[in-house]
Every structure is written in structure tokens, then in C-alpha cells.
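Student: Here it is, the structure in full.
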Amino acid sequence: MELPTPQDIRERRTELGLTQSELADRAGVSQPLIARIEGGDVDPRLSTLRHIVDALDESEGDIVRAGDLMHEDVVSVGPDDSVSQAVSKMQEAGFSQLPVIEDGVPVGSISFEDLMSVGEESRDKPVSEFMGESFPTKGQNATLDELSTDLGHNKAVIVTERGNTVGIITEADIAARLS
């Protein structure tokens, strides 16, 4: 068994979003002891270290990740699809915006807002002429905090794996999870 270093404990604690006090409470030790262990000032007993590692492991299960929230069936359009195709897909799915995806890679987004000023003569033009910036992308291990930050400024977050789209998350997905 490889024992975690003080740096390993500090990194894992901060990755989990725990304060030293919260970790101490969960591990049944004092906050000053956590601070001294993380600072490398003291070598804890093996039983104390086990309590800390167990508390970190239990906290890992409390974290909501992008992979837990995402919809794998991503309704999207391609950049060469026509405006009328995009509008039809949005209406069928009941969405006000869609990601524009080319060969699995997000390249933009299109919304009813983007199409408000488009005239009847543009219905057969490609989406690429009217699309906006792509939604931000995150990996499946992104935390709820990371997602919330992006969703505060964007309508959706695309979940990718090795650059390819594997899911999508909107504010409604987070609201449903929290309720």
C-alpha cells in the first residue's frame, strides 16, 4: 500500500472542495492536526492517516460530476444543415438552442435568438452563416461548481471525451438534480 504524501492529502482535499476543518470533522481529528500533516510538520499514526483517507474517499462519493448530470443523446445540427432544419429540430425537441457539431466536435451554437432577424429567403442557407460561439466544453469529471460557473454565462455546457461530444448539460439539468 502506497501512503499519501502531505501534498497528496492537500491536493485531494482542495480538489474535493473541503476545508481543513471539514476534513478534520469527517476524519474525527482536529483541524490543527490536518494543517500540520499537510504542512509536513508531523507524521501521523497509520490509524490517523487511514481515518483521513477514508474521509476523503467518502467525500469523493458526495461530488456531483458532469458525467452524472449530462444527457448522452445530444440533439444537434451540423454547420452545413439549413436554417429550416435547425428550426425544425429545435421545435421538435422543444429547445431554444442547439449545439452545432461537426464530426463529433462542437464548432458553434444556434438559437432562436440568432435566427430572429433571418428572413424567409434565408431558410435554405447553412447554419454556419448564423451560428454563434460554441458552448463551453468540460470533461465528464468536471464538478458541479465548475459547471455552475460556465452555466452562469452560457446556455449549455458540452461534455467531451478526447475532444468528441459525449453529452450536454443545461441549467435545467442542474436545477432538476438539486431539487
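The values are calculated or read from the model by the stated rules, or taken from the named source; none is laboratory data. Please read all numbers here as calculations on a predicted model, not as lab measurements. All Cβ positions, glycine included, derive from the backbone under ideal geometry; neighbour counts span all protein chains shown. When the accessible area is computed, the model is the full protein with side chains, heavy atoms only, and any ligands, DNA or RNA have been set aside. Shrake-Rupley method; radii C 1.70, N 1.55, O 1.52, S 1.80 Å.
Student: Compare the Cα positions of 44, 74, 100 along the charge dipole of the chain (+1 at Cβ of Lys, Arg; -1 at Cβ of Asp, Glu; about the Cα centre) and return the one farthest towards the positive end.
Tutor: 44
Student: OK, next. Compute the long axis of helix 46-60 from its Cα atoms, compare it with the longest principal axis of the Cα atoms of the chain, and write down the angle in degrees, 0 to 90, nearest 10.
Tutor: 20 degrees
Student: When the accessible area of the chain is split by element with a 1.4 Å probe, what percent falls to carbon and sulfur? Provide the component values of the computation, followed by the final result.
Tutor: On the way: 4660 of 10410 Å².
Answer for the chain: carbon and sulfur cover 45 percent of the accessible area.
Student: Here is a follow-up. Considering only DSSP states other than H, G, I, E and B, which chymotrypsin sites (Phe, Trp or Tyr not before Pro) in the stretch 75-149 qualify as loop sites with at most 11 other Cβ atoms within 10 Å?
Tutor: none
Student: To the nearest 20 debye, what charge dipole does the stretch 1-104 have about its Cα centre, counting +1 at the Cβ of each Lys and Arg and -1 at the Cβ of each Asp and Glu? Show your work: numbers first, answer last.
Tutor: On the way: 9 positive and 22 negative charges, 108 e Å.
The calculation lands at about 520 debye.
Student: Where a ≥ b ≥ c are the square roots of the eigenvalues of the C-alpha gyration tensor, would you call the stretch 87-179 rounded, which needs a/c under 1.5, or, failing that, prolate if a/b is larger than b/c, or oblate? Walk me through the numbers on the way to the answer.
Tutor: Working: a/c = 2.38, a/b = 1.65, b/c = 1.44.
Prolate, because a/c is 1.5 or more and a/b exceeds b/c.
Student: Starting from one equal scatterer on each C-alpha and no solvent at all, send me the Debye-based log10 I(q)/I(0) for the stretch 127-174 at q = 0.16, 0.26, 0.29 Å⁻¹, two decimals.
Tutor: Normalising to I(0) and taking log10 leaves -0.44, -0.97, -1.12.
Student: Could you tell me the distance between the Cα centroids of the stretch 127-176 and the stretch 25-80, to the nearest Å?
Tutor: Spelled out, the Cα-based centre of one part sits 23 Å from the other.
Student: In vacuo Debye scattering of the stretch 37-111, one point per C-alpha: log10 I(q)/I(0) at q = 0.21, 0.23 Å⁻¹?
Tutor: With one equal scatterer per Cα and no solvent, log10 I(q)/I(0) is -0.95, -1.04.
Student: Label points 7 Å out from Cα along the Cβ direction at residue 30 and residue 118: separation in nm?
Tutor: 6.6 nm
Student: Along the stretch 151-160, what does the Karplus equation 6.51 cos²θ - 1.76 cosθ + 1.60 (θ = phi - 60°) give for ³J(HN,Hα), rounded to whole Hz, x for Gly and Pro?
Tutor: Karplus-based 3J(HN,Hα) across the stretch 151-160 equals 6, x, 10, 9, 7, 7, 10, 8, 9, 10 Hz.
Student: Sticking with this structure for a sec: What lysines could a cross-link reach from residue 155, if we take a straight Cα to Cα line under 23 Å and drop same-chain neighbours fewer than 8 places away?
Tutor: In chain and number order, the partners are 89, 138.
Student: With a probe of 1.4 Å, find how much accessible area the chain has per residue, and write the answer as a whole number in Å². Write down the numbers at each step before the final one.
Tutor: Details: 10410 Å² over 179 residues.
For the chain, the solvent-accessible area averages 58 Å² per residue.
Student: Taking amide H positions as placed 1.01 Å from N in the peptide plane, with prolines and chain starts having none, which residues 5 or more places from residue 102, or on another chain, fall under 5 Å of its amide H?
Tutor: Those lying under 5 Å, H to H, from residue 102 are 107.
Student: Let me ask another. Which trypsin sites (Lys or Arg not before Pro) in the stretch 21-123 sit in a loop by DSSP (not H, G, I, E or B) and have at most 16 other Cβ atoms within 10 Å of their own Cβ? Working shown, then result.
Tutor: Details: sites: 26, 36, 45, 50, 65, 89, 123; in loops: 45, 123.
Passing both the DSSP loop test and the Cβ count: 45, 123.
Student: Is the chain rounded, prolate or oblate when judged by the Cα gyration tensor, a ≥ b ≥ c being the square roots of its eigenvalues, rounded requiring a/c under 1.5 and prolate requiring a/b larger than b/c?
Tutor: Verdict is prolate for the chain.
Student: Give me the accessible area of residue 116, 1.4 Å probe, in Å² rounded to the nearest 10.
Tutor: Its accessible surface works out to 150 Å², give or take rounding.
Student: What is the helix-to-structure angle for 83-93, meaning the angle in degrees between its Cα long axis and the longest Cα principal axis of the chain, kept from 0 to 90 and rounded to the nearest 10?
Tutor: 50 degrees
Student: Further question: Which of these, 67, 28, 78, has the largest mean-square fluctuation under a Gaussian network model of the chain (Cα springs below 10 Å)?
Tutor: Looking only at 67, 28, 78, the largest GNM fluctuation is found for 28.
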